[in-house]
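Novice: Before I ask anything, here is the structure I am working with.
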Amino acid sequence: MDDCRKILVDGITALKLSVNEQQVDQLLAFVKLIEKWNKAYNLTAIKNQEEMTKLHLLDSLTIIPYLEGKRIIDIGTGAGLPGIPLAICLPQLSFTLLDSNAKKTRFVQQVVLELKLSNVQICHSRVEDFQPEQPFSTVLTRAFAELSDIVESSQHLLAENGKLLAMKGRCAESELAQVTAKKTVIPIQIPGVEAERNLVCIQLNEENVGEE
């Protein structure tokens, strides 16, 4: 794991993030748990720890500057991405990780227990069926679905003036055109990774701002 630690620490420095030694240890422990459970639970196609460090951990952490508010939901979290790395590095925020795959939510629950993450709640549900007691300031998705489908299925989760952040590879103009809400495409650079990455920020419910 020494190589992974160097990749992670160098990447965190490149991203200009404030992450302490304990959080680095937790992030690397998360990679070990993915590797351990991957054979039985088919969590990720990436098998190599160094690649997981880049394509799972650092990829997740690139979006920290764009998060808003205290309550964040990661829909279609899968193996806990990007929710677990973000929750480790942002203990002051509250994260809900939602997925309809029971195997994956069982794995993420185990991660929360082993890493003692008190700011994470796991929900096994389809996003359309999930009715939270309180809405969320930010909805996150990572390679979850088409943008228009994401908006349609998740807009009921957002607080007034809430923000939807969709982590994407290449963004087709045709896909963006299907979303009528205000949107911004932000190119994201993962340290040590050449692949194209974009973060699509969609502002929903703006018309409700100022209403009781």
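The values are calculated or read from the model by the stated rules, or taken from the named source; none is laboratory data. Keep in mind that this is a model prediction, so the values were computed, not measured. In this analysis, Cβ positions are derived from the backbone assuming ideal geometry, glycine residues included, and neighbour counts consider all displayed protein chains. Accessible surface areas use protein heavy atoms only, side chains included; no ligands, DNA or RNA. Shrake-Rupley method; radii C 1.70, N 1.55, O 1.52, S 1.80 Å.
Novice: Any residue at all in the range 67-88 that's in a loop (DSSP other than H, G, I, E, B), at pLDDT 95 or above and of a type in the set (Ser, Thr, Tyr)?
Specialist: yes
Novice: What's the total number of residues in the range 13-24 that are under 20 Å from Leu115 (Cα atoms) and within 19 Å of the chain's Cα centre (by Cα)?
Specialist: 4
Novice: So which of Arg170, Arg142, Arg126 is in contact with a Pro (Cβ under 8 Å, 6 or more places away or on another chain) and touching a residue at least 12 places away in the same chain (Cβ under 8 Å)?
Specialist: Numbers: Arg170 fails: in contact with a Pro (Cβ under 8 Å, 6 or more places away or on another chain); Arg126 fails: in contact with a Pro (Cβ under 8 Å, 6 or more places away or on another chain).
Arg142 is the lone residue from the list that is in contact with a Pro (Cβ under 8 Å, 6 or more places away or on another chain) and touching a residue at least 12 places away in the same chain (Cβ under 8 Å).
Novice: Pairs please, first residue from the range 58-81 and free of Cβ contacts under 8 Å to residues at least 12 places away in the same chain and closer than 20 Å to Ser18 by Cα, second anywhere and assigned to a loop (DSSP other than H, G, I, E, B) and open to solvent by 20 Å² or more (accessible area, probe 1.4 Å), Cβ atoms under 9 Å, 6+ apart in sequence or on different chains.
Specialist: Pro65/Leu15; Pro65/Lys16; Pro65/Leu17
Novice: Does at least one position in the range 134-146 carry a residue that is among the polar types (S, T, N, Q), closer than 24 Å to Ser94 by Cα, touching a helix residue (DSSP H, G or I) at 6+ places or on another chain (Cβ under 7 Å) and modelled with pLDDT of 90 or more?
Specialist: yes
Novice: Does Glu114 count as acidic (Asp, Glu) and modelled with pLDDT of 95 or more?
Specialist: Here the answer is yes, as Glu114 does meet what is asked.
Novice: Next question. For Thr53, are the conditions met, namely being in a loop (DSSP other than H, G, I, E, B) and closer than 30 Å to Val151 by Cα?
Specialist: Criteria not met by Thr53.
Novice: Output the number of the condition that Leu43 fails; it satisfies all remaining conditions of (1) outside any loop (DSSP other than H, G, I, E, B); (2) touching a helix residue (DSSP H, G or I) at 6+ places or on another chain (Cβ under 8 Å).
Specialist: So the condition that Leu43 fails would be (1).
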